[in-house]
Amino acid sequence: MSRTLQFTEQLIACRSVTPDDGGCQALISERLKALGFTCETLVSGPEEFRVTNLWALRRGSLGTDGVLLAFAGHTDVVPTGPLAQWKSDPFVPTHRDGRLYGRGAADMKTSLAAMVVAIEEFVAAHPQHAGSIALMITSDEEGPANDGTVRLVERLQQLGERIDCCVVGEPTSVDQLGDVVKNGRRGSLSGRLTIKGVQGHIAYPQLACNPIHQAAPALAELVAIEWDRGNEYFPPTSWQVSNIHAGTGAGNVIPGELVVDFNFRFSTESTPASLKQRLHAVLDRHGLEYDLAWTLGGEPFLTPVGSLSKALSQAIQAETDRTTQLSTTGGTSDGRFIARICPQVIEFGPINATIHKIDEHVLVSDIEPLKNIYRRTMENLLL
Ligand SMILES: [Zn+2]
């Protein structure tokens, strides 16, 4: 059994449902300390939601000069769902048909094991490497993400630590290992709009004010707006209504208010401020009386083609003979926090088809190549 597979199984066996780390980070730092890493554990969050974070750093032979390459990820996993539906215990790593089953197999314990073993191999072969290597691990990525990577980033800002390149081990591959990496993510901005009317008898509309009728032309205009055209890396910003509700249930009553929930998935061509301002302008122009509560789910981030994307694409090509595709699709990720202190953030990991599902798994034959791609990326950047 390969060292990467062995370590992946060890991590899967740790029960680490968000925000519990389940002992994963102790296993990781034990191995990194043996390589000369300094490890700092940062516990954060309220008592009922304790998050464990790890920052591990190995300075290269040039001290603080040279590139600092960080690997980032999370030890927490989502809940298993109904145990009876799993073909094997989600916390007992199990092999069937060339696949390794277990909660976190794809998201993202295989990536963590691959990163650690890749670092071990790289340091053993090149103890005098240039630059520095770091690991940034949290146990709160799948949860609210308030006390995880965001706290690590604040800590590094305090320390004045800069990261030049960061590889996040999120499962980005779609059909084959290495076919897709993420060089950015769209932002997410939600709103709850309450349009106010005056309730009344449906036979006496002159005595009421129908918020559905008030809202309809404004909503039609919002649906038709081109918010931006996206750019080379991002699709155009999209505005979608997720819920709409008005009405008392009775057929003879004009309701008093209408509630609309909506969400922007936005590109780097728009900002939360510009989107808010444009949406308010439409509502105001239609003379609506309303309340609007905003929630910013995440800022977008973008890593243009550069040294990191080239190092990673070249590593994927060399290991798998595949030409990788840069993508910014999907939901938000911790990359958005890391981008605050790091100009180049790219996500790359195993096939994501079964993440968060019953019978989550990875292909055993992808595990060594994944580790080799991480190692080759270090070779490309730190030698
Ligand atoms: Zn993940």
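If each Cα of the stretch 187-298 is one equal point scatterer, what is log10 of I(q)/I(0) from the Debye formula at q = 0.14, 0.20, 0.23 Å⁻¹? Listed by q, the Debye log ratios stand at -0.60, -1.02, -1.25. Among the listed pairs Lys109/Lys310; Lys310/Lys357; Lys33/Lys109; Lys109/Lys276; Lys182/Lys357; Lys33/Lys357, a Cα-Cα separation exceeding 27 Å is found for Lys310/Lys357; Lys109/Lys276; Lys33/Lys357. For the stretch 236-285, the alpha-carbon radius of gyration amounts to 1.53 times the rule-of-thumb value 2.2 N^0.38 Å expected for a compact globular protein.
In plain terms, the bigger the Kirkwood radius, the slower the diffusion; for the chain, with that radius from Cα pairs, at 10 °C and 1.306 mPa s, Stokes-Einstein puts D at 70 µm²/s. Apolar share of the accessible surface for the stretch 187-298: 52 percent from carbon plus sulfur atoms, 1.4 Å probe. The calculated FRET efficiency for the pair Ala293 and Leu35, based on their C-beta separation and a Förster distance of 51 Å, comes to about 0.55. Modelled this way, with points 7 Å down the Cα-to-C-beta line, the labels at Gln199 and Ala224 are 3.4 nm from one another.
Look at the dipole of the chain built from charges on Cβ: of Thr303, Ala293, Val116, the Cα furthest out on the positive end belongs to Thr303.
Comparing Ser188, His201, Phe264 along the charge dipole axis of the stretch 187-298, the residue lying farthest to the positive side is His201, per the Cβ-charge model.
The GluC sites (Glu not before Pro) of the stretch 150-227 that meet both conditions, a loop assignment by DSSP and at most 14 other Cβ atoms within 10 Å of the site Cβ, are Glu226. Solvent-accessible surface of the chain, averaged per residue with a 1.4 angstrom probe and all protein chains in place: 42 square angstrom.
About its Cα centre, the dipole of the chain is roughly 280 debye, where the only charges are +1 on Lys and Arg Cβ and -1 on Asp and Glu Cβ. On full extension, the segment bounded by Glu48 and Asn231 gains 61.6 nm, given 0.36 nm per residue less the C-alpha separation.
The label-point distance for Ser365 and Ala130, in a model that sets each label 7 Å from Cα toward Cβ, rounds to 3.7 nm.
The values are calculated or read from the model by the stated rules, or taken from the named source; none is laboratory data. Being a predicted model, the structure only gives us computed values, none of them experimental. Here the Cβ is made from the backbone with ideal geometry for all residues, glycine too, and neighbour counts use every protein chain on show. Accessible surface areas use protein heavy atoms only, side chains included; no ligands, DNA or RNA. Shrake-Rupley method; radii C 1.70, N 1.55, O 1.52, S 1.80 Å.
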